[in-house]
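Scroll down for the structure; my scribbles are underneath it.
Only the coordinates and a few stated rules stand behind these numbers; no lab work does. This one's a predicted model, so the numbers in the text were calculated from it and none came from an experiment. A quick note on method: Cβ atoms are made from the backbone with ideal geometry, for glycine too, and the neighbour counts reach across all protein chains shown.
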Amino acid sequence: MKNSIRTGNFKRNKKRIRWSITLRYILLCLGLFVMVIPMVYMISSSLKPNDIAFSYPIKIIPSADEATLDNYSYVLGQKNFFIYVGNTLIVASVTTLLSAAVSSMLAYCISRFRFPGRNLLYGIIITTMLIPGLAMLVPQFELAVSLNLVNNLWGVILFYTAWVTPFSTFLIKGFIDNIPRELDEAIYIDGGTVFTIYRRVILRMASPSIAAVSVFNFLYAFEEVGWSQTILKKDELRTLPVAITQFFQAHNRTDWGYVFSMTCLSMIPVIILYVLLQRYFISGLSSGAVKG
């Protein structure tokens, strides 16, 4: 009797697990579909002539006769396109490096040292994560004017760095908390300093979390529009997202092939960065999320 009951319970549990796994895969496939279809439509539309971009019935994948690279050649032929790309790469790269240095040092200090106001400082950092950078657009613009940062790429870089530092510090601190303090003590015994520990222990062992936040920060600085459009008025200083917005408006909001092709080209640096840092990105998020 007991054996039959156990067998029945085992079969019911096995059936529940099977249905749970099936439902999980169905939801994942739906999520993948929702995420991928707009991307596929954007890429396919960038390969279509503008006169058939809105043809009916809608064709997600253009035929071999319809596909063309004219949209890409038109975009690449714009005189300032590569200037926009260069400005965007400079802004995103410098922002990423500055935020990584500042947030890793700040996270190291908060995680390892006990000083008056430590909890208050960390609480302020957590609180500022809730405030979007553009929510304080007016005072920030006045500050940029007083510092002579208008029409200057540093006016974008420094403010982006200030916006992404709180989240970066929060994530890196969670990773540093899991690094054994015995490593610090061993370096102190060997005559090392605080900077030695930061350079030889923190930067090396926390590199996955630093790489993870660097991907986020690069992507944010690469695609942000509002602040760049506010502070950069000269055409030769514009970043690529602002240029796409201006390009969209200049073509009467109808030449979607040109807009989609420029958008596809703007995705290439971000994809390359993610491919290079993918393993650090995944391990940094998973390790920093668990404390123990």
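Which order do peptides 133-145, 163-175, 256-268, 223-235 fall in by mean Cβ count within 10 Å, highest first?
Sorting 133-145, 163-175, 256-268, 223-235 by mean packing, highest first, produces 163-175, 256-268, 223-235, 133-145.
Could you rank the peptides 87-96, 194-203 by their average count of other C-beta atoms within 10 Å per residue, with the highest value first?
87-96, 194-203
What spacing in nm lies between the two simple spin-label points modelled at D177 and M205, each 7 Å away from Cα in the Cβ direction?
Using points 7 Å along Cα→Cβ, the separation is 1.6 nm.
Pick out, from Q249, S209, L237, the residue whose Cα sits farthest towards the positive end of the charge dipole of the range 187-264, with +1 on the Cβ of Lys and Arg and -1 on the Cβ of Asp and Glu.
Sorting the options by dipole projection puts first S209.
How far apart, in nm, are two points set 7 Å out from the Cα along the Cα-to-Cβ line at D65 and at Q249?
Output for this residue pair reads 4.0 nm.
At 0.36 nm per residue, and after removing the present C-alpha to C-alpha distance, how many nm does the segment from L134 to A101 gain when stretched out fully?
9.5 nm
Length gain on complete extension for the stretch L143 to Y274, per 0.36 nm per residue less the alpha carbon to alpha carbon distance?
43.8 nm
Describe numerically, in nm with one decimal, the distance between label points set 7 Å from Cα along Cα→Cβ at N80 and at W154.
2.3 nm
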